[in-house]
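S.K.: Provided herewith is a single structure, encoded as structure tokens, for subsequent inquiry.
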Amino acid sequence: MKSFLTHLDCTGCDATHSADQLIRLCPDCDKVLYARYDLDSARRETDRDALADRRSDMWRYFEAMPVLDEANIVSLGEGMTPILEAPHLAEAIGATNLVIKDEGQNPTGTFKSRGLSAAVSKAKELGAEGVTIPTAGNAGGALAAYAARAGMDAHVFMPQDALDANKKEVTHAGGTLHLVDGLIGEAGQQSRELAAELGMFDLSTLQEPYRAEGKKTMGYEIAEQCGWTFPDAIIYPTGGGTGVVGIWKAIEELETLGWIDGKRPRFFCVQAEGCQPIVRAFEQGTDHAEPWANAHTVAHGMRVPSAIADYLILNVLRESGGGAIAVSDDDLLDHMRLIARTEGIVVGPEGGATAAAARRLIASGALSSSDHILLLNTGSGLKTPELM
Ligand SMILES: *Cc1c(COP(=O)(O)O)cnc(C)c1O
Ligand SMILES: [Zn+2]
């Protein structure tokens, strides 16, 4: 397999940068960098039908993955999660054509596996000896696992009140756990300081180019699993928005590859009422989301008061004709239970939020009951037994 990676483009200015170096944000303007590929050549040299013979994980899309030498892939079998029909849940919330992509079936129990598999693989290829990360919980567990597999040191910065499962999965896999008095923003500060001090590489999401490349594979999979089309709408529980910008990037790449030609899906972000910076910015019509004060929700994956890629997320929502909606903790917990009882899928609180959002979007007329709606369940409920 051959990667067609060429360089990095800045999403904020016209700068381009080499992809042969450990680099985080654009040195010129501090905005997010995107990995770019020679997709015109990839289009000539490969065919989507070739995928049939490929490995059955996210690395099957190697043409558009950032690792140049396959030997550097650090994998636990992430990706190729199923898209499950959910007719009973659909009936309960007023939909008729509802599916759930179950990212809870990833190696570390959440879709954070994808981002960290990609980022750790690339960091290894570029010679990083150790890695640090700030996290609301699940990214830390995933990093510890992939770093262990790569033989790298990992330092994880997590809020003090993070969930037990997340703390344990870090230390269990040999990572060093730093508990932080504050939320993910404070953790980010400390993570970057330690990385600078120890000569390690900080993997804060979207502050390095490759976690988004891992999460974008959800877009490739949705297309492939839906017969090279997209559903009408995707509902995404949003924290830093890595998957939102990743899936959108995948759609653009798939069009350039000539692998899809149908219409793009509408994108809806769901957040918790206690932490909804993207919803507020969407409603206010701005392209910057002010940090959310006193952020609180039981759905820690969405407990992200400030997203560095706010301008990219808001652009996806507007360009796709989608939207943003907040749901209460009670509502998302009710729907977490409802999904388990109607479909047998044990989703996490963030997955519960997507069903609560779908119900409200249909009731308000933003979505039609006949729309083909995909809920992205980002993690397994088994990681949050205290919420079951
Ligand atoms: C990190 C996380 C999210 C938010 O993901 P982003 O792509 O950063 O918005 C949602 N759900 C779970 C379970 C998570 O761990
Ligand atoms: Zn720039």
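S.K.: Kindly provide log₁₀ I(q)/I(0) values, in the same order as q = 0.11, 0.18, 0.20 Å⁻¹, from the Debye equation applied to equal alpha-carbon scatterers of the range 59-140.
M.R.: -0.42, -0.83, -0.94
S.K.: Considering Cα pairs under 8 angstrom that are at least six residues apart, work out the relative contact order of the chain and quote it in whole percent. Write down the numbers at each step before the final one.
M.R.: Numbers: 884 pairs, mean separation 68.2, N = 388.
Answer for the chain is 18 percent.
S.K.: Also: Taking every Cα atom in the range 1-152, find the radius of gyration and the maximum pairwise distance Dmax, and write them in Å.
M.R.: 17.9, 52
S.K.: So if I average 1/r over every pair of distinct C-alpha atoms in the range 259-331 and take the inverse, what Kirkwood radius in Å does that give? Provide the component values of the computation, followed by the final result.
M.R.: On the way: mean 1/r = 0.0783 Å⁻¹.
This gives a value of 12.8 Å.
S.K.: Follow-up question, since we're still on this one. Normalised radius of gyration for the range 128-214, please: alpha carbon Rg relative to 2.2 N^0.38 Å, two decimal places.
M.R.: 0.95
S.K.: Still on this structure, I have one more. For Trp292, Trp248, give me the order by solvent-accessible area with a 1.4 Å probe, most accessible first, ignoring ligands, DNA and RNA.
M.R.: Details: Trp292 55, Trp248 15 Å².
So, going from the largest accessible area down, we get Trp292, Trp248.
S.K.: Report the accessible area of Cys13, computed with a 1.4 Å probe over the heavy atoms of all protein chains in place, in Å² rounded to the nearest 10.
M.R.: Accessible surface of Cys13 is approximately 50 Å².
S.K.: Another one. Based on the alpha-carbon set only, what is the convex hull volume of the chain divided per residue, in Å³? List each step's numbers first, then the result.
M.R.: Numbers: hull volume 47.4 nm³, N = 388.
Looking at the chain, the number lands at 122 Å³ per residue.
The values are calculated or read from the model by the stated rules, or taken from the named source; none is laboratory data. Only a predicted model underlies this, so the values are computations on that prediction, with no experimental measurement involved. Accessible surface is based on the protein model in full, side chains and every heavy atom, while ligands, DNA and RNA are left aside. Shrake-Rupley method; radii C 1.70, N 1.55, O 1.52, S 1.80 Å.
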